[in-house]
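Peer 1: Mind looking over this structure? Questions follow.
The values are calculated or read from the model by the stated rules, or taken from the named source; none is laboratory data. Here the structure is a predicted model, which means the values were calculated and not measured. Quick reminder, even Gly has a Cβ in these numbers, built from the backbone with ideal geometry, and neighbours come from all protein chains shown. Areas reflect the complete protein model, heavy atoms only, side chains present, ligands, DNA and RNA absent. Shrake-Rupley method; radii C 1.70, N 1.55, O 1.52, S 1.80 Å.
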Amino acid sequence: MKYNFYPEIQALRAIAVISIFLYHLQLKSFEGGFVGVDIFFVISGFLMTMILYEKKISIINFYISRLKRILPALIFVIVFVFVLTTIIFLPGHLDHFYKSLKYTLLFISNIFFWIKSADYFNINSYFQPLLHTWSLSLEMQFYFIMPFFIFFIKKLSNNSQIGFVLIFILSSLVLSILFIGREQSFYLLPYRICEFFIGTLVYLLKKKKFKYTIQ
């Protein structure tokens, strides 16, 4: 099935990638570049909603398509990092790295790093080369629940769908605000799912084709 090409999504992806890259260069002018990850979450929410609405696909095939898209690159990164880390890391750091491997392959590394109280913005993050996979784990966890969520809301009217998604966004946002500054608000899906569902909301509004009148 063919989908419309959205140049604005490609532009947002480019902005997200560049901002994250410049952030990791530790340039003072791009200290907020980490928001590129949030942009990716919104885009993911939009695209996954579009696929599940517009394409006749079973849940199993949806999961398989996601794994086919993600696993090759992830395995390449893991193998590359494994070889490099084994050569240059000290035994103390290697033990933590080897533990993180298992959780990364299970797509729950975000939970692992949360339990270990890993600070993504701390200098110790340099000794956790798979720390960045927390966002990929969040993505996969979102992919897991999204087909069931869409299956449920498709039974509702258009206005009810939008209202239901808004409730989830606000609930997650309030939760993240209440726990701001704590690791779980950074790593765990309930605190981040508002970003994915913003993408879902954008799709539903676009699908509804709201017309605004300028007075």
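Peer 1: Could you list, in their original order, any pairs among Lys28/Lys102; Lys56/Lys208; Lys55/Lys208; Lys155/Lys206; Lys28/Lys207; Lys28/Lys99 whose Cα atoms are separated by more than 29 Å?
Peer 2: Violating the 29 Å limit, Cα to Cα: Lys28/Lys102; Lys28/Lys207; Lys28/Lys99.
Peer 1: What percentage of the solvent-accessible surface of the chain, computed with a 1.4 Å probe over protein heavy atoms, is contributed by carbon and sulfur atoms?
Peer 2: Whole-percent figure for carbon plus sulfur exposure: 69.
Peer 1: Please determine, in degrees from 0 to 90 and to the nearest 10, the orientation of helix 35-54 with respect to the longest principal axis defined by the Cα atoms of the chain, where the helix direction is its Cα long axis.
Peer 2: That works out to roughly 50 degrees.
Peer 1: What is the dipole size for the chain, taken about its Cα centre, with +1 at each Lys and Arg Cβ and -1 at each Asp and Glu Cβ, in debye to the nearest 20?
Peer 2: Charge dipole, the chain, about its Cα centre: 980 debye, nearest 20.
Peer 1: Positive end of the dipole of the chain, charges at C-beta (+1 Lys, Arg; -1 Asp, Glu), about the Cα centre: which of His93, Phe30, Ile177 has its Cα farthest in that direction?
Peer 2: Checked the options; the winner is Ile177.
Peer 1: OK, next. At q = 0.13, 0.15, 0.24, 0.27 Å⁻¹, work out log10 I(q)/I(0) for the stretch 49-110 with the Debye formula, treating every Cα as an identical point scatterer and leaving solvent out; two decimals please.
Peer 2: For the requested q values the scattering log ratios are -0.50, -0.60, -1.01, -1.14.
Peer 1: Ok, one more. Among rounded, prolate and oblate, which fits the stretch 55-177 when a ≥ b ≥ c are the square roots of the eigenvalues of its C-alpha gyration tensor, a/c under 1.5 means rounded, and a/b larger than b/c means prolate?
Peer 2: Oblate is the answer for the stretch 55-177, as a/c is 1.5 or above yet b/c matches or exceeds a/b.
Peer 1: Expressed as an acute angle from 0 to 90° and rounded to the nearest 10, what is the orientation of the C-alpha long axis of helix 158-178 relative to the principal long axis of the chain?
Peer 2: On a 0 to 90 degree scale, this one is about 30.
Peer 1: Sticking with this structure for a sec: In Å², what does the accessible area per residue of the chain work out to with a 1.4 Å probe?
Peer 2: It amounts to 61 Å² per residue over the chain.
Peer 1: Working from the alpha-carbon coordinates of the stretch 126-178, get Rg over Rh, Rh being the Kirkwood radius.
Peer 2: Rg/Rh for the stretch 126-178 comes to 1.15.
Peer 1: Kirkwood-based Rg over Rh for the chain (C-alpha set), two decimals?
Peer 2: That ratio equals 0.99.
Peer 1: What ranking do 182-195, 78-91, 29-42 get when scored by the average of other Cβ atoms within 10 Å per residue, highest first?
Peer 2: Top of the packing list down: 182-195, 29-42, 78-91.
Peer 1: Quick one: Kirkwood hydrodynamic radius for the stretch 1-70, alpha-carbon pairs, angstrom, one decimal?
Peer 2: Computed over Cα pairs of the stretch 1-70, the Kirkwood hydrodynamic radius comes out at 13.8 Å.
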